[in-house]
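What follows is a short report on a single structure.
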Amino acid sequence: MSDSVATVKKRPHVVVVGGGFGGIAAVRKLKRADVDVTLIDRHTYNTFQPLLYQVATASLNPGDITWFLRAIRANQSNVRFIKGNVVSMDHEAKSLRLEGGVDVTYDYLVIAVGVTANFFGIPGAAEYSMPLYRRSQALAVRDKMFANLEEAAVNGQDRDLRIVVVGGGATGVETAGAFAELRNNDMPTTYPELDTKRVHITLVEMLPHVLAPFHPKLRDYAKKSLEKRDVELRLETAVKEVRPDGVLVENGGEQQFLPAGMVVWASGITAHSTVRDWSLPQGRGGRVETDEHLRVKGMQDVFAIGDVSVSPDEPLPQLAQPALQGGKHVADVIRRQVAGKSAPKPFKYKDKGTMATIGRSSAVAEIKHLPRLTGFPAWIIWVGLHVATLLGNRNRFATMTNLTAKYLFQKSHNAIVGETPPVVALKPVVVEARSPLRIESKSSAKKAAAKATAKKAPAKKAPAKKAPAKKAPAEKAPAQQASADEAPAAGETTLPFDK
Ligand SMILES: Cc1cc2nc3c(=O)[nH]c(=O)nc-3n(C[C@H](O)[C@H](O)[C@H](O)COP(=O)(O)OP(=O)(O)OC[C@H]3O[C@@H](n4cnc5c(N)ncnc54)[C@H](O)[C@@H]3O)c2cc1C
């Protein structure tokens, strides 16, 4: 037995707060670095925000777009995960505190906590509108929509139903387009009790156009595509107040109240309020100010990347690519510093382009080295890139399967639904089924109608020679005899099953 004592050198500890695009990119790039990495997130999963609206509009499962953060250890052994909400930081002691009292010390700190909705102090917006940043928020939107529809289906549609989407950026356009398709394509089959002409999807935007960062031609395409889907566009319109039953808007100095069962907030972003307690220099929108290496201004070993970070000289768009590229860059800076190497070149964002989809086979794309695209080509690239960017093969397969099934089998009308509260009848309601309940496909309905016409009009029978073979339908098919008896009795309550 050797009597030598092994001295274990403590490796630098890199703490990454936030398991979004930026945080994950930084952690992965540190895989071969001589460091120990701790990833902290308030959730046990990563959320792929670009497809949150698909969860909100019943097209994807929440599990399709969320990824278990501890799974990062499958390919990387120098990382561990802690679930926690960072509430305060002490940069002198190089430590941070998690809600619940856990302290974590660091040698290098990467802040990648993203941003949240900005309600701009508009009365009622925070209380009554529904933002789309978290999985739980997307599920809340979906479940509220179905709760409203189920309620109207039982209590009768004595009023117009409206969903207001606030904000004509990519999220607002995508959400409004998806709601409109659900109303136009699915509701006539799934909610025959409701008159879809009285179901409105309204998109409110302060600017005179939607999709502001895009080329005017693409904005026009998106506008027309929304109008084609009967999205009611309220441009140059400001939201003044959100109330439990709708929104007060203003256009050209005139105010109008839009009654709505649901208001989705897709406008404006700001840093999380807790960042104020982290002793960091904050700039526009509360974002943390950084230098050319994404180091927090005035600090040596603290970095901020992605949506939460801003370079005062060159503010970047709050999109996935700046976060991904920023994460890789700071990991490179740390890796080189730990290895005693010189710093890399300053961070330079490579703009690869932007995309937004409006609905089925409709999208706009500005991609580097490609001409501006609209319609199906833009849409198919949008689908491919989103699926490829998801984390985890299971999520890629599941999302691809769900999106493909939705595209190919649109007539199945199979929405992804969750829990809705019990429907309370506002006045006594009795629902009586027709006996027997008959739901017909279009072709069988046509055949039945043709037979009924033949039965009603014996004078127009085929020539006598051919007639003997053609028995009266009632004799031939007892089941059809029953259907002939289906006429509702006077006063019978019937639902328009075959509307
Ligand atoms: C609805 C929607 C649609 C979008 N669509 C697109 C799109 O199509 N294309 C595109 O490029 N971009 C899109 N974006 C923007 C894109 O998602 C963001 O730019 C990107 O997620 C930023 O990455 P990030 O790493 O900075 O932050 P995020 O991805 O937001 O990750 C932040 C992480 O930090 C965690 N966190 C927050 N606070 C704390 C705390 N106190 N303690 C611990 N953990 C914390 C969060 O749980 C989260 O996991 C969209 C955003 C939204 C909301």
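A short reminder: the numbers here are calculations on the coordinates, not readings from a lab. Remember, predicted model here, so these are calculated numbers, not experimental data. In this analysis, Cβ positions are derived from the backbone assuming ideal geometry, glycine residues included, and neighbour counts consider all displayed protein chains.
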Legend entry - Charged-residue dipole, Cβ positions (Lys, Arg, Asp, Glu), the chain about Cα centre, Debye nearest 20: 2680
Inset, instruction - Would you pull out the residues with amide H under 5 Å of Glu241's amide H, same chain only if 5 or more places away, H placed 1.01 Å from N? - result: Leu248
Legend entry - Relative contact order [Cα under 8 Å, 6+ residues apart], segment 198-295, whole percent: 18
Legend entry - Integer Hz, Karplus 6.51/-1.76/1.60 couplings in order for segment 334-351, x for Gly and Pro: 5, 4, 5, 4, 5, 7, x, 9, 6, 5, x, 5, x, 5, 10, 6, 9, 6
Inset, instruction - Enter the angle in degrees (range 0 to 90, nearest 10) between the Cα long axis of helix 170-181 and the first principal axis of the Cα atoms of the chain, meaning the one along which they spread out most. - result: 20
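In segment 1-148, what % of DSSP beta bridges are antiparallel (nearest 5)? Intermediate values should be presented prior to the final figure.
On the way: 10 of 24 bridges.
The antiparallel fraction comes to roughly 40 percent.
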Legend entry - Cross-link pairs beyond the 27 Å C-alpha cut-off, checked among Lys31/Lys341; Lys223/Lys348; Lys224/Lys328; Lys10/Lys94; Lys144/Lys240; Lys29/Lys368: Lys223/Lys348; Lys224/Lys328
Inset, instruction - Of the DSSP beta bridges with both residues in the chain, give the percent that are antiparallel, rounding to the nearest 5. - result: 50
Inset, instruction - Take the chain, compute every pairwise Cα distance, and split them into 10 Å bins from 0; I just need the percent in each bin. - result: 3, 16, 23, 21, 15, 9, 6, 4, 2, 1, 0, 0
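May I ask for the longest run of the chain untouched by chymotrypsin sites (Phe, Trp or Tyr not before Pro) that are loop-located per DSSP and have at most 12 neighbouring C-beta atoms (other than their own) within 10 Å?
121-408
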Inset, instruction - Please give the helix 135-155 orientation as an angle from the longest Cα principal axis of the chain, in degrees from 0 to 90, rounded to the nearest 10. - result: 20
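Around Leu96, with a cut-off of 15 angstrom between Cβ atoms, what is the net charge of the other residues, counting Lys and Arg +1 and Asp and Glu -1?
Details: positive: Arg42, Lys83, Lys94, Arg97, Arg276; negative: Asp41, Asp90, Glu92, Glu99, Asp103, Asp107, Asp277, Asp301.
Residues near Leu96 contribute -3 overall.
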Legend entry - Degrees, to the nearest 10: 375-389 long Cα axis against longest axis of the chain: 50
Inset, instruction - State, as an integer percentage, the relative contact order of the chain based on alpha-carbon contacts under 8 Å between residues 6 or more apart. - result: 17
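Set the Förster radius R0 to 22 Å, insert the Cβ-Cβ distance between Asn402 and Glu227 as r into 1/(1 + (r/R0)^6), and round the FRET efficiency to 0.05.
FRET efficiency, Asn402 to Glu227: 0.20.
Nearest 500 deg cm²/dmol is fine: what mean residue ellipticity at 222 nm does the chain get from its DSSP H runs of n ≥ 4 alone, each adding -39,500 (n - 2.57), divided by its residue count? Working shown, then result.
Values: 13 runs with 144 residues, N = 499.
Estimated from H runs of four or more residues: -9000 deg cm²/dmol.
Using the Cβ atoms and a cut-off under 14 Å, what net charge is assigned to the surroundings of Thr389, where Lys and Arg are +1 and Asp and Glu are -1? Intermediate results must be reported in sequence, preceding the final value.
Numbers: positive: Arg28, Lys352, Arg396; negative: Asp64.
Net of charged neighbours comes to +2.
First select every other residue whose beta carbon is under 15 angstrom from the beta carbon of Asn155; then total the charges, Lys and Arg +1, Asp and Glu -1. Walk me through the numbers on the way to the answer.
Numbers: positive: Arg159, Arg198, Lys427; negative: Glu150, Glu151, Asp158, Asp160, Glu193, Asp195.
So the surrounding residues net to -3.
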Legend entry - Cut-off under 5 Å, modelled amide H: who pairs with Ile269 long-range: Asn118
Legend entry - Hz values of 3J(HN,Hα) by residue in segment 357-371 - Karplus curve (6.51, -1.76, 1.60), Gly and Pro given as x: 10, 10, x, 3, 6, 9, 7, 10, 8, 10, 10, 4, 6, 10, x
Legend entry - Integer Hz, Karplus 6.51/-1.76/1.60 couplings in order for segment 90-102, x for Gly and Pro: 10, 6, 5, 7, 6, 8, 10, 10, 9, 4, x, x, 7
